[in-house]
Structure formats: C-alpha cells, structure tokens
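Okay, so here's the structure we're looking at.
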Amino acid sequence: MKSSTDACSPVICAVIVCAGKGERSGLPYNKVLHHIGHKTVLEMTLDAFRQTKIGHITVVTSEADFSAIRDITAAYDDISVVIGGATRSLSVQAGLNAHACDIVLIHDGARPYVTPDIIDRAIDSAILYGSGIAAVPAVDTVKRVQPDGVAHSLPRAQLYNAQTPQAFRYAEIMDAYTGANGTFTDDAEVYENAGYSPRLVDGSYDNIKVTTPNDFIVIPKSCRIGVGFDVHRLTESRKLILGGVTIDYELGLLGHSDADVLTHAIMDALLSAANLPDIGVLFPDNDDKYLGISSITLLKEVLRHVESGGLKIGNISAVIIAQKPKLAPVIMDIRSSLACALGIDVTQINISATTTEKLGIIGEGNAIAASASCILTENTNGQH
Ligand code: MG
C-alpha cells in the first residue's frame, strides 16, 4: 500500500464492507472468512487494494466476526476494523465515519476477484469527475415486470450491472448519506438520489460477488498438471532423507545425490507440468557436481526453471510408498520442509504414506518409492 507523500495528492481510503451474514453461501460462518486456495476471501480482497495508492482501509464487520476479522487484518499496516450496523447502508456509514479522506472507495468484502486495475480506474474517475463506479455491460436481457405479470423489455445496450468498488469524493458521498432516506441497493444509488451523477468505469465479469458455494470454485485460466515417480534401494551406511528431512532409521536410500526419493518425484512432477526435461536430464547421475548433493538444493533449481517459464505452484500431492519406517509422525515436518524450500504455504502440499502389504521389493523392506502430482498455474502478477 503506497501512502501519498505529495501534499497536492488526494488522500485516498477504502471502506470494505463485510458485515453481511451471507446465508446463501451455505457456510456456517461469514463467507469472507472462507479460504479459496490458501487465502481467505477477505485476504484476497485486501491484497488487491494494497497494490494501489490507497492509504488506509477500514473493514466493517459484525460484532460476531469482529475478532476473527481483526486477527486477519492484524498482519496488515494501516487497516482498521469497525463494527457496522443492521443494514448495509448503516455499515457503510460506520466505515465512512471512521476515517476521513479526499476520495473513498466502497467495496464488498465478498468480491475477492477485484483487480488493482479496476480499483485504479475507479480512483482516477473519482478524482476527475467525482465518482467512479465499476460496472459491466448487461449480458442478459432485463425485463421490467408489472404486478399482473406482464413484462416490458429494457434496451440492453443502455444497461450495465453495477459492481464495487464504487469511488466517490468523500465530502459528496458523506453529504449524500446524510440526506439519505429510503432503501438503496448500492452507494451509487444513494449518491444519485442526492442529486449527484455517478459515472461508470470498466469493471470485469470476473469481479463477482461470491454468493453461492459454486462461486468459491476457482478454475485458473491456465493450469498444467504434472506427474513424477521414483524409487531408490535401501542400504546400510546411508541416511534416510525424505522431503529434506532426515529420518531416524537403520537404513538409508542409495543414490548419486542424497537419494531423497520423495523430492525427486516432486521435481519430476514440476518439470513435467512445466513441459521441461526430467531430473535425469537436468542433473545427470554421472556428473560429479551432483555427487551427494542435497535434493532440496536441486528442488530450488527446479523451482527457478518453473518460475522462469511464467508458472507458479497451485498444489502438490505426493505419496511415499514404504514398508518401514512408520512415517506418520514425520509427515508434517516433511510438508513444512518442502513448503519452505518452494516458498509456498504448507496447505499447498500434501503428503501421504502407504505400504505395499509386504509385497515386492518395497514390501520386503529393500526400497522406498514415491509418486507425486502437481498443478502449475500461470503466474499473472509476476509474484510467486
Ligand atoms: Mg531418484
């Protein structure tokens, strides 16, 4: 979040409204607290706002969600949390009263797919014209229906669906709310009702308000699946290393590197998804450079290849196939080790373990195998 240092620049703040119950979401808690991937809906929303020139954000919440939302926002600078009212209008007013500024954006906390571009367009329009309302052209034909059921078509070319953010000159929206009397479905209507002329800016069809359970399912615009498999023989006088974690066991895996079979399978899954050659090609086992090397070092090298191709990790799922030792006590350590090496959240990597019911070379305790799958997605913001 960039603060204005120029005395001539307007002070811009935002009010993010999260006080609704969201009963249609089917969730037993406020939908802004729901995780999409490894972030909550509210964190996704805040992240977009924090990439703009907004200097302060006020999050408005109900009394019931106050402490959960304060916990989330505690990680951010310049965000305050206030308790809203019984209606959306009262909640917006609570947010407006909490922090004065020159330009204010009002946004629904349940619109996590808002982008910095949309926010910037709304701000620029409000600076120039007094308001900037994100909106998209209507796709469906809209009918006005009379009480007797007779419908009249409205000219679709003139119709837009209003979204949020909706940006206003602070003094004007405060004035509009002061005189507001009636029921309003958005802030632009309050503004218009007070005699001002709301001006639209381009929103996005992706900037939906998450409402029903289906809205939480995100299908990345571009995603690539990868799979990897590896097996190493167990032998004496070697350490057993899985996912970068040294496991207390009488045998270890034999190999040119540290023979971390799990990390090898994950590397091949990542490379496969990125359409790159496998680890046998990248790190040949006849090259002394890789003799005894930590596979975590190699994993970081693989990650650099993946990222330089404009991709980032969606999630990784892997299974270790071993008769012995028991791995359940160290699974979380393994997940944390790999997540740390890859710079991802631990929820993005899941590891399970199984045996082969004493069948074959693995079941006889002479080898350990690992299989891994992953999804890579397009890195649209240039950040990992
Ligand atoms: Mg290997």
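The values are calculated or read from the model by the stated rules, or taken from the named source; none is laboratory data. Note that the structure is a prediction, hence the values are computed from the model and not measured. With ideal geometry, Cβ positions are generated from the backbone for all residues, glycine too; neighbour counts draw on all protein chains shown. Protein only, heavy atoms only, side chains kept; ligands, DNA and RNA dropped before computing areas. Shrake-Rupley method; radii C 1.70, N 1.55, O 1.52, S 1.80 Å.
Using a Debye calculation, one point per C-alpha and no hydration shell, please list log10 I(q)/I(0) for region 308-384 at q = 0.12, 0.16, 0.21 Å⁻¹ in order.
-0.42, -0.66, -0.91
Under 28 Å Cα to Cα from Lys53, which lysines show up? Leave out anything in the same chain fewer than 8 places away.
List returned: Lys2, Lys31, Lys39, Lys209, Lys221, Lys312.
Can you pull the percent of Cα pairs in region 234-384 with separation above 27 Å? Don't skip to the answer; put the middle values down first.
Numbers: 2331 of 11325 pairs.
More than 27 Å apart: 21 percent of the Cα pairs in region 234-384.
List, in order, the whole-Hz ³J(HN,Hα) value for each residue of region 50-61 obtained from phi through the Karplus relation with A = 6.51, B = -1.76, C = 1.60 and θ = phi - 60°; use x for Gly and Pro.
Ordered by residue, 3J(HN,Hα) equals 6, 8, 10, 8, 5, x, 8, 10, 10, 9, 9, 9 Hz.
Straight distance only, please: which aspartates and glutamates reach the Cα of Lys239 with their own Cα at less than 18 Å, same-chain residues fewer than 8 apart left out?
Asp230, Asp248, Glu250, Asp258, Asp260, Asp333
Can you give the Rg to Rh ratio of the chain, both from alpha-carbon atoms, with Rh computed by the Kirkwood formula? Present the calculation step by step, with values, prior to reporting the outcome.
Numbers: Rg = 26.9 Å, Rh = 24.1 Å.
Using Cα coordinates only, the ratio equals 1.11.
Would you please calculate the Kirkwood hydrodynamic radius of region 138-251 over all C-alpha pairs and express it in Å, rounded to one decimal?
Details: mean 1/r = 0.0478 Å⁻¹.
It is 20.9 Å.
For the chain, what does the accessible surface come to per residue with a 1.4 Å probe? Please give it in Å².
Working: 19300 Å² over 384 residues.
Counting only protein heavy atoms, the per-residue value for the chain is 50 Å².
Can you bin region 92-152 into rounded, prolate or oblate? Criterion: square roots of the alpha carbon gyration tensor eigenvalues sorted a ≥ b ≥ c, rounded for a/c under 1.5, prolate for a/b above b/c, oblate for the rest. The partial results should precede the final answer.
Details: a/c = 2.41, a/b = 1.92, b/c = 1.26.
Cα axes put region 92-152 in the prolate bin.
Summing -39500 (n - 2.57) over the DSSP H runs of n ≥ 4 in the chain and dividing by its residue number, what mean residue ellipticity at 222 nm do you reach, to the nearest 500 deg cm²/dmol?
-8000 deg cm²/dmol
Using every Cα-Cα pair within region 191-264, state what percent have a distance larger than 17 Å. Walk me through the numbers before you get to the answer.
Numbers: 1849 of 2701 pairs.
In whole percent, the share of Cα-Cα pairs in region 191-264 beyond 17 Å is 68.
Classify region 265-312 from the C-alpha gyration tensor, please: rounded if a/c falls under 1.5, else prolate or oblate depending on whether a/b exceeds b/c.
Prolate, since a/c reaches 1.5 and a/b exceeds b/c.
Between Thr178 and Val11, what FRET efficiency comes out of the Förster formula 1/(1 + (r/R0)^6) with R0 = 25 Å and r the beta carbon distance, rounded to 0.05?
Values: r = 20 Å, r/R0 = 0.82.
The computed FRET efficiency comes out at 0.75.
Which percent of the accessible area of the chain is formed by carbon and sulfur heavy atoms (probe 1.4 angstrom)?
Accessible surface attributable to carbon and sulfur in the chain totals 50 percent.
Simple spin-label model, 7 Å along Cα-to-Cβ: Ala194 to Met332 in nm?
The two pseudo-label positions are separated by 5.2 nm.
Whole-Å semi-axes of region 1-122's equivalent ellipsoid, largest first, each the root of 5 times a Cα gyration tensor eigenvalue? Walk me through the numbers before you get to the answer.
Working: eigenvalues 110, 52, 30 Å².
Semi-axes, largest first: 23, 16, 12 Å.
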